[in-house]
Ligand code: ATP
């Protein structure tokens with residue numbers, strides 16, 4: 001599915017617009033016939049390479065929405081682009097799809113330069129947040145549309161459409177209109193429509209955001225299953241950490257248009273490369289303290305309650321450093337244990353399976369901790385954190 005196969009949607013990606021003063025791709029255009037692009041697309045798999053991909057929406061002085069994104073995606077990989085709202089995820093996806101031109105850099109599939117091709121010649125399938133189905137067409141016609149645009153013969157269209165609908169488990173719904181389907185079913189149609197053209201790359205922009213929590217969980221598993229069965233390289237945009245962690249082979253964390261980390265879900269979750277990633281990956285406690293001593297990776301910070309031992313995740317140079325701790329790494333324990341911080345319980349939020357505690361330690365330092373135990377507001381406790389789970393980063397001010 002290319003941009004040309006989808007109806008115009010509310011989430012206009014700014015297709016074809018160039019920023020004033022940007023270095024458009026025209027000067028770098030390599031003449032390639034549509035036929036050569038199609039034959040390459042038909043070949044299917046390939047290594048996708050982004051080299052310094054940059055996109056600005058304002059003049060040259062303006063901060064780019066996407067800055068110098070360089071990465072290699074292996075054939076068949078499932079990559080999640082993850083980050084907070086406005087970090088440049090959709091911009092990156094739309095640059096790959098060709099819906100917006102680059103201000104700098106290049107995109108390659110094996111040895112073929114892609115960023116100089118219009119979207120319809122890049123051979124990508126795309127799934128949007130709002131499904132972007134043609135409301136007046138049946139499910140079958142929506143799915144077949146891209147094949148018709150490509151002049152695929154009727155018998156082949158039928159075969160591929162049946163297969164795509166079976167893959168997303170929509171047999172029996174062929175003759176319905178999108179308005180007669182649930183949100184989850186509509187998104188399945190959108191996925192079928194994207195994969196029916198047998199794209200070399202599947203691009204998904206927050207495809208589950210419009211679904212309720214239960215359906216989101218089901219569709220996560222569904223998208224993973226389709227990916228496993230088809231083996232197509234997939235780039236998936238989301239702001240939901242759980243979605244990225246549970247679905248992706250590798251996660252790219254973006255912040256203010258810049259890649260902060262690329263790694264497996266385990267790496268990004270347990271070993272955030274910097275404080276931005278740590279904050280985004282659920283290290284809700286970030287406490288800036290004086291750096292007392294450092295021996296290799298072992299660090300001691302000076303807390304108002306006494307020393308806090310931790311593990312350096314980046315070179316620490318300044319007099320200050322930030323300890324990042326996940327609420328679920330804190331247990332309630334005994335005084336005298338390593339990193340036992342005396343605190344008073346200031347708030348208890350009940351979540352069923354556990355509670356989120358708001359603790360206040362010496363110096364007014366607030367800590368969030370998760371516990372399955374019964375704790376009351378006003379109770380005196382000791383928050384205990386293993387030093388290897390206190391990740392220490394340079395203070396932003398250092
Ligand atoms: P979200 O999760 O909210 O969709 P995102 O991470 O996908 O956010 P982008 O849509 O890529 O973020 O936007 C990145 C930055 O570029 C934002 O600051 C946004 O305002 C800006 N931007 C995006 N599209 C345009 C446009 N067409 N014109 C001007 N600025 C834009």
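The values are calculated or read from the model by the stated rules, or taken from the named source; none is laboratory data. No experiment lies behind these values; they were computed from the predicted model shown. Positions of Cβ are backbone-derived with ideal geometry, glycine not excepted, and every protein chain shown enters the neighbour counts.
For this structure, a couple of remarks:
- Scanning region 154-173 finds no residues that are surrounded by fewer than 23 Cβ atoms within 10 Å (Cβ to Cβ), on the phi > 0 side of the Ramachandran plot and in contact with a strand residue (DSSP E or B) (Cβ under 7 Å, 6 or more places away or on another chain).
- Qualifying positions in region 128-158 - free of Cβ contacts under 8 Å to residues at least 40 places away in the same chain, over 15 Å from residue 175 (Cβ atoms) and assigned to a helix (DSSP H, G or I): 148, 154, 155, 156, 157
- On the stretch given as region 240-297, residues that are over 23 Å from residue 90 (Cβ atoms), part of a strand (DSSP E or B) and in contact with a strand residue (DSSP E or B) (Cβ under 6 Å, 6 or more places away or on another chain) total 9.
- Residue 235 assigned to a strand (DSSP E or B), buried (at least 20 other Cβ atoms within 10 Å of the Cβ) and within 15 Å of the chain's Cα centre (by Cα): yes
- Top-ranked residue in region 239-258 [being more than 24 Å from residue 216 (Cα to Cα) and surrounded by fewer than 21 Cβ atoms within 10 Å (Cβ to Cβ); ranked as farthest from the ligand (Cβ to nearest atom)]: 258
- Only one of the numbered conditions (1) under 15 Å from the mean Cα position of the chain (by Cα); (2) over 20 Å from residue 191 (Cα atoms); (3) surrounded by 16 or more Cβ atoms within 10 Å (Cβ to Cβ) is not met by residue 128, and that is (2).
- Flag for residue 58 being near the ligand (Cβ under 9 Å from one of its atoms), without any contact (Cβ under 8 Å) to a residue 60 or more places away in the chain and either assigned by TED's automatic domain parsing to the domain that holds residue 235 or within 19 Å of the chain's Cα centre (by Cα) (or both): yes
- Of the residues screened, residue 204 is one that is within 30 Å of residue 51 (Cβ to Cβ), in the same structural domain as residue 145 (by TED's automatic domain parsing) and surrounded by 15 or more Cβ atoms within 10 Å (Cβ to Cβ).
- Within region 344-370, the set of residues being assigned to a strand (DSSP E or B) and more than 36 Å from the chain's Cα centre (by Cα) comprises just one member, 344.
- If you check 125, 52, 86 for being under 26 Å from residue 244 (Cα atoms), outside any loop (DSSP other than H, G, I, E, B) and either touching a helix residue (DSSP H, G or I) at 6+ places or on another chain (Cβ under 6 Å) or within 12 Å of the ligand (Cβ to nearest atom) (or both), only one passes: 125.
- Residue among 65, 97 that alone is closer than 23 Å to residue 117 by Cα, in contact with a helix residue (DSSP H, G or I) (Cβ under 6 Å, 6 or more places away or on another chain) and more than 11 Å from the ligand (Cβ to nearest atom): 97
- Just one of the listed residues (91, 70) is in contact with a strand residue (DSSP E or B) (Cβ under 9 Å, 6 or more places away or on another chain), modelled with pLDDT of 95 or more and surrounded by fewer than 18 Cβ atoms within 10 Å (Cβ to Cβ), namely 70.
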